Amino acid sequence: MKELTARERYILLKTVQNDNILPITSVCNMNCRFCSHCNNPIGLEVYRFGHLDISLIKELLEFLSPDGTLVIGESASKIIEGDPFTHPAILEIIYLIRDKFPDKQINITTNGSYLTDRVIKCLKENEPVELNISLNCSDPDERVFLMGDKNPAIVFEGLELFKEYNIIFHGSIVAMPHLMGWEYLVETIDFLASYQPASVRIYLPGYTRYAADSLKFDIDSIYNSLISLVDRLAEYYAFPLLLEPPQIDDFTCRIKGIIPASPAAAVPLKKNDIVKRVGADEVKSRVEAFDLITRRKDPLIVINRDNSLVQIPLKKEAGEKSGLVFDYDLDLKTINSIERVIRDYRGKDILLLTSILAEGLLQKVAEHMQGIYSKTIVDVMAVSNNFFGGSIACAGLLLCGDIIKAVKKNNKKYDLIVVPGIIFDIFGNDLIGKNYKIIAQECETEIEII
């Protein structure tokens with residue numbers, strides 16, 4: 001591993017401390033056609049560390065919170081995450097984690113190409129562990145074509161071992177019907193179903209304006225077809241079948257599914273029930289409902305089913321996941337922060353900036369607050385991802401330049417512009433190193449980061 005700068009060490013430590021994510025490697029052994037790191041514009045400020053040394057990993061473990069789930073193989077920062085199982089000391093790392101946190105839930109995202117009998121035995125010995133398997137297809141030849149898997153038999157043999165060792169796993173598929181047709185997608189979902197996953201997520205693939213023409217597709221056509229397909233197929237499976245990103249434009253806390261053999265599966269909760277209260281607390285969003293239910297011991301859940309309120313007690317431990325699955329909207333902290341800003345600037349003109357995907361949700365917040373403060377102007381603007389282009393439509397990949405361009409084109413003066421905080425790293429910089437202060441300077445107005 002290369003020697004890290006002070007800045008790089010700080011980024012690693014804050015990622016662990018703030019997000020409960022343990023980065024261990026930036027190495028990946030695949031060459032996926034849909035890889036989010038391919039076909040990106042030049043000039044991105046991202047970090048590749050290779051395999052982290054065990055001594056550094058031991059240090060990082062000291063910064064983990066004792067509460068909550070530990071995540072390995074996912075990224076919430078500018079750190080490029082590889083496949084955890086490429087790390088030559090992955091089993092030692094798992095034992096180190098378990099020694100320090102005997103009961104902590106460990107979630108690992110992997111392409112599955114290292115899931116041998118030895119590895120799976122280690123995972124079983126160190127439960128609770130859940131795996132997120134990026135399978136993407138049901139045939140070894142398809143794995144070679146889509147992912148460049150040099151030994152595709154391993155992941156399929158690993159799924160057989162999951163049955164033998166009773167390993168909990170979630171499956172994921174990046175949908176590529178524009179390359180593979182639609183039938184392969186149905187076959188892959190059916191294939192995963194035969195191994196009794198806890199859930200399966202179907203991802204709309206992303207591409208930038210730099211991608212090869214063969215990877216581009218009509219976004220609305222593919223997305224709408226995926227919505228129809230997932231909605232239709234979800235009725236046939238015992239596990240939740242989910243689409244990412246979800247199509248949501250309100251805060252209705254509708255249950256999308258229930259994980260088999262979970263606490264929620266043992267009570268008369270159903271898919272499409274709408275959670276109204278957890279105990280005495282009315283819920284404002286799906287994320288709040290999920291968090292309240294997870295945190296509490298034996299929560300009383302009040303649902304709306306067929307326009308009637310029903311109280312259902314749920315037997316579970318505090319901090320234990322219920323097995324209820326919701327689409328992700330906004331957490332309560334974000335909603336409260338937006339509402340606070342609007343109260344503080346009541347009577348003035350406010351612009352809420354958002355991604356294309358979250359525009360409907362922000363509109364609901366704005367409408368609610370304008371109903372309270374009628375003299376306050378609260379506009380919502382969805383900002384396009386011009387820097388990346390293509391099918392990219394999320395806030396996390398917006399840049400300062402995208403925002404400045406959109407605000408200037410709008411040609412309206414505001415007293416305050418509210419900008420999504422997910423755009424910026426811990427130093428306040430976007431993905432090409434531009435600081436958020438440039439937005440205030442160029443747009444000649446106050447800004448608030450939420």
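The values are calculated or read from the model by the stated rules, or taken from the named source; none is laboratory data. Model, not experiment: these values are computed from the prediction. Positions of Cβ are generated from backbone atoms using ideal geometry, with glycine treated the same way; all protein chains shown enter the neighbour counts.
Checking segment 390-402 against the condition returns no match, with no residue being free of Cβ contacts under 8 Å to residues at least 60 places away in the same chain, within 13 Å of I342 (Cα to Cα) and buried (at least 16 other Cβ atoms within 10 Å of the Cβ). The requirement of being closer than 19 Å to K150 by Cβ and in a helix (DSSP H, G or I) is satisfied by F85. Scanning segment 101-112 for residues that are in contact (Cβ under 8 Å) with a residue 40 or more places away in the chain, among the polar types (S, T, N, Q) and touching a helix residue (DSSP H, G or I) at 6+ places or on another chain (Cβ under 6 Å) returns no hits.
Does F63 meet the test of being assigned by TED's automatic domain parsing to the domain that holds D213, in contact (Cβ under 8 Å) with a residue 40 or more places away in the chain, of a type outside the set (S, T, N, Q) and touching a helix residue (DSSP H, G or I) at 6+ places or on another chain (Cβ under 6 Å)?
Numbers: assigned by TED's automatic domain parsing to the domain that holds D213: yes; in contact (Cβ under 8 Å) with a residue 40 or more places away in the chain: yes; of a type outside the set (S, T, N, Q): yes; touching a helix residue (DSSP H, G or I) at 6+ places or on another chain (Cβ under 6 Å): yes.
Against the criterion (assigned by TED's automatic domain parsing to the domain that holds D213, in contact (Cβ under 8 Å) with a residue 40 or more places away in the chain, of a type outside the set (S, T, N, Q) and touching a helix residue (DSSP H, G or I) at 6+ places or on another chain (Cβ under 6 Å)), F63 qualifies.
In segment 1-49, how many are part of a loop (DSSP other than H, G, I, E, B) and among the aromatic types (F, W, Y)?
So the first thing to find is which residues in segment 1-49 are part of a loop (DSSP other than H, G, I, E, B), and the list is 1-5, 20, 22-24, 26-46, 48-49.
Then drop every residue that is not among the aromatic types (F, W, Y), which leaves 34, 49.
The total comes to 2.
Scanning segment 334-390 for residues that are small (G, A, S) and in a loop (DSSP other than H, G, I, E, B), we see that the one that is modelled with the lowest pLDDT is S374. For segment 241-270, give me each residue that is under 28 Å from G206 (Cβ atoms) and in a loop (DSSP other than H, G, I, E, B). Those that are under 28 Å from G206 (Cβ atoms) and in a loop (DSSP other than H, G, I, E, B): P245, P246, Q247, I248, D249, D250, F251, T252, C253, I255, K256, I259. When we screen D250, D273 for residues that are surrounded by fewer than 16 Cβ atoms within 10 Å (Cβ to Cβ) and over 25 Å from F169 (Cβ atoms), the only hit is D250. Yes or no: segment 229-246 includes at least one residue that is aromatic (F, W, Y) and touching a Pro at 6+ places or on another chain (Cβ under 8 Å). Yes, segment 229-246 has at least one match. Checked against (1) surrounded by 16 or more Cβ atoms within 10 Å (Cβ to Cβ); (2) among the hydrophobic types (A, V, I, L, M, F, W, C); (3) closer than 17 Å to T5 by Cβ, I72 passes all but condition (3).
Screening the candidates I417, I438 for the property of being farther than 23 Å from P41 by Cα, surrounded by 14 or more Cβ atoms within 10 Å (Cβ to Cβ) and touching a residue at least 24 places away in the same chain (Cβ under 8 Å) yields one hit, I417. Listed by first and then second residue, the pairs linking a residue in segment 306-329 that is closer than 17 Å to T69 by Cα and in the same structural domain as A264 (by TED's automatic domain parsing) to a residue that is of a type in the set (D, E) and in a loop (DSSP other than H, G, I, E, B), with Cβ atoms under 8 Å apart and 6 or more places separating them unless they lie on different chains, are K316/D298; G319/D67. Cβ-Cβ distances below 7 Å connect the following pairs, each with a first residue in segment 113-134 that is surrounded by fewer than 16 Cβ atoms within 10 Å (Cβ to Cβ), a second residue that is assigned to a helix (DSSP H, G or I), and a separation of six or more residues or different chains: T116/I154; D117/L161; K124/Y165. Determine whether segment 416-425 contains at least one residue that is among the aliphatic types (A, V, I, L, M), over 29 Å from R9 (Cα atoms) and touching a Phe, Trp or Tyr at 6+ places or on another chain (Cβ under 7 Å). Yes, because at least one residue in segment 416-425 is among the aliphatic types (A, V, I, L, M), over 29 Å from R9 (Cα atoms) and touching a Phe, Trp or Tyr at 6+ places or on another chain (Cβ under 7 Å).
If the condition is being of a type outside the set (A, V, I, L, M), over 19 Å from K413 (Cα atoms) and buried (at least 21 other Cβ atoms within 10 Å of the Cβ), then segment 328-380 contributes D329, S355. I'd like the residue in segment 276-305 that is in a loop (DSSP other than H, G, I, E, B) and of a type in the set (A, V, I, L, M, F, W, C) and, out of all such residues, is surrounded by the fewest Cβ atoms within 10 Å (Cβ to Cβ). In this case the residue turns out to be A280. For R232, the requirement of being surrounded by fewer than 17 Cβ atoms within 10 Å (Cβ to Cβ), closer than 19 Å to H37 by Cα and over 21 Å from the mean Cα position of the chain (by Cα) is not met. Across segment 378-396, a minimum of one residue is classified as farther than 30 Å from G433 by Cβ and not acidic (D, E).
Screening P88 on (1) modelled with pLDDT of 95 or more; (2) crowded, with 17+ Cβ neighbours inside 10 Å shows it passes everything except condition (2). Do we have S308 as small (G, A, S) and either crowded, with 16+ Cβ neighbours inside 10 Å or in contact with a His (Cβ under 9 Å, 6 or more places away or on another chain) (or both) here? Considered against the rule, which asks whether it is small (G, A, S) and either crowded, with 16+ Cβ neighbours inside 10 Å or in contact with a His (Cβ under 9 Å, 6 or more places away or on another chain) (or both), S308 comes out as no. Of all residues in segment 182-214, which are hydroxyl-bearing (S, T, Y), farther than 18 Å from G171 by Cα and either surrounded by 15 or more Cβ atoms within 10 Å (Cβ to Cβ) or modelled with pLDDT of 95 or more (or both)? Within segment 182-214, Y207, T208 qualify. Kindly check whether there is at least one residue in segment 55-66 that is under 24 Å from K100 (Cβ atoms), under 22 Å from the mean Cα position of the chain (by Cα) and either part of a helix (DSSP H, G or I) or of a type outside the set (A, V, I, L, M, F, W, C) (or both). Within segment 55-66, one or more residues are under 24 Å from K100 (Cβ atoms), under 22 Å from the mean Cα position of the chain (by Cα) and either part of a helix (DSSP H, G or I) or of a type outside the set (A, V, I, L, M, F, W, C) (or both).
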